[in-house]
1. Could you work out the relative contact order of the chain, using alpha carbon pairs under 8 angstrom and six or more residues apart, expressed as a whole percent?
2. Sort 433-442, 16-25 by packing, meaning the average of other beta carbons within 10 Å per residue, with the highest value first.
3. Can you give the % of DSSP beta bridges in the stretch 1-103 that are antiparallel, to the nearest 5?
4. Compute the angle between helix 290-299 and the longest alpha-carbon principal axis of the chain, please, reported from 0 to 90 degrees and rounded to the nearest 10.
5. May I ask which residue of Leu245, Gly378, Leu159 lies farthest towards the positive end of the charge dipole of the chain, with charges of +1 (Lys, Arg) and -1 (Asp, Glu) on Cβ and the Cα centre as origin?
6. Counting Lys +1, Arg +1, Asp -1, Glu -1, what net charge surrounds His62 among other residues with beta carbon under 11 Å of its beta carbon?
7. Using a simple spin-label model with points 7 Å from Cα along the Cα→Cβ vector, what separation in nm is obtained for Lys33 and Val98?
8. Full extension from Gln348 to Ile189: what is 0.36 nm times the residue separation minus their Cα-Cα distance, to one decimal in nm?
Amino acid sequence: MNRTWIKGATIVNEGTTYVGSLLIEGAYIKEVKAGSQIAMLDTDIVIDAQGYLLMPGVIDDHVHFRDPGLTHKADMISETEAAVAGGVTSFMDMPNCVPQTTTLEALEEKHAMAREKSLINYSFYLGATNNNVHLLRDLDTSKVCGVKLFMGASTGNMLVDRKEALRKIFEESPILIATHCEDQGVIRIQTEHYKQLYGEDAPIEYHPYIRNEEACFNSSQLAVELARETGARLYVLHLTTARELSLFIDKPIAEKHITAEVCIPHLMYTEEDYRTLGSKIKCNPAIKTQKDREQLRKALHTNLIDVVATDHAPHLLAEKEGGAFKATSGMPYIQFSLLSMLELVEQQIIDLPTVVQKMCHAPAEIYQIDKRGYLREGYYADLVLVDRTRSCIVTKEDIRSKCGWSPAEGKIFPASVHATFVNGKLVYNKGKILHRDAAQPLLFHR
């Protein structure tokens, strides 16, 4: 059994930061201790990590890898390469691909695909519809991360707009319900208003007025009310407004069944950035005001927001052409999510232990993932080493997502991902992919 000793790293884990060493044995963490107290015998690899940060691998619970059916813009190979280059070791993929993941057979097909393609650990959501509630009782709760519920604009038939179907999903789901919350009625009214003003494609800067605060708050409020009435485990995805924060409770995850996420674009950009980045930062829900961003950032210091994810959603640049109506919504960001949070650390907006809490520990706790998300003895060795002395300038050539672009292009991040381990294997090191056979399906204790 191979052993790797990582010594002298600055370890960030479970609310503390200290210099220590970690021993990997096979797929697992054998020991993790302060200083150099690990007694070394028959070590295959020794990594002198002095000056590097060592933290758990990022768990991104919100991605769209476009596989199957939309692979002209992304696929599971390209996007997990981008993920591992960004220190992400596990992902949970959304169901709006082709065919949509709204059947048990489609779930199994995606698992089979991941076994062949993925570089990192994986799980997939079942997409809820108005007509597939009966499938919830047949879910293997140890293998399916959650039920994705579009309570607002969606593609295909995954917009659940019948009140009785919504309530049934909340009553029947045996696992976490992850909701996209935007009120379609509000969006419809705003769409008609701006079409009267600008015709078939309003300028991009009106996107946050069409998908506005009211649309987000009304839908999030309905989701929270349903969860409180039924006792369902609710996870509200990608909060974008300060007003929505009032719906959540500032308590540890273990003390509540309603939790919330914020995504990297809503922490990094405001409506002012449409002037320079245009439709490249168009996403649903829309990026909103500077005040909203400030309040979302402040909420990271509390338990109002539990998780930071990406909503990584690649499109070709040709598909991003147009304005508020015609440009597609979504952007690739998984390769730069951890670096973005470390930029906020550099700016003293957040601290390192909180980054690890929101990106590693909290997803593992909310989804009840087996032996991941922490640097603990007996846990899987999903790790990332970060070089804080080496800045990262994002060039087009650096972008690994298949679509070939990112809003982060041209940015200078204050740190770089040096190495990423998945299940004990050094999958990424100094810009190179070294292994493609380390991934495992995520398992859940429920």
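Any read-out appearing in this document is the output of simple, stated calculations on the displayed coordinates, not a laboratory observation. Only a predicted model underlies this, so the values are computations on that prediction, with no experimental measurement involved. Cβ atoms come from the backbone with ideal geometry, glycine included; neighbour counts cover every protein chain shown.
1. Taking the mean separation of contacting Cα pairs over the length of the chain, I get 21 percent.
2. Working: 433-442: 17.6, 16-25: 19.5.
Taking the mean over residues of other Cβ atoms within 10 Å, the ranking is 16-25, 433-442.
3. 60 percent
4. 50 degrees
5. Toward the positive end, the furthest listed residue is Gly378.
6. With Lys, Arg at +1 and Asp, Glu at -1, the net is -4.
7. 5.7 nm
8. The span from Gln348 to Ile189 would gain 53.2 nm if fully extended.
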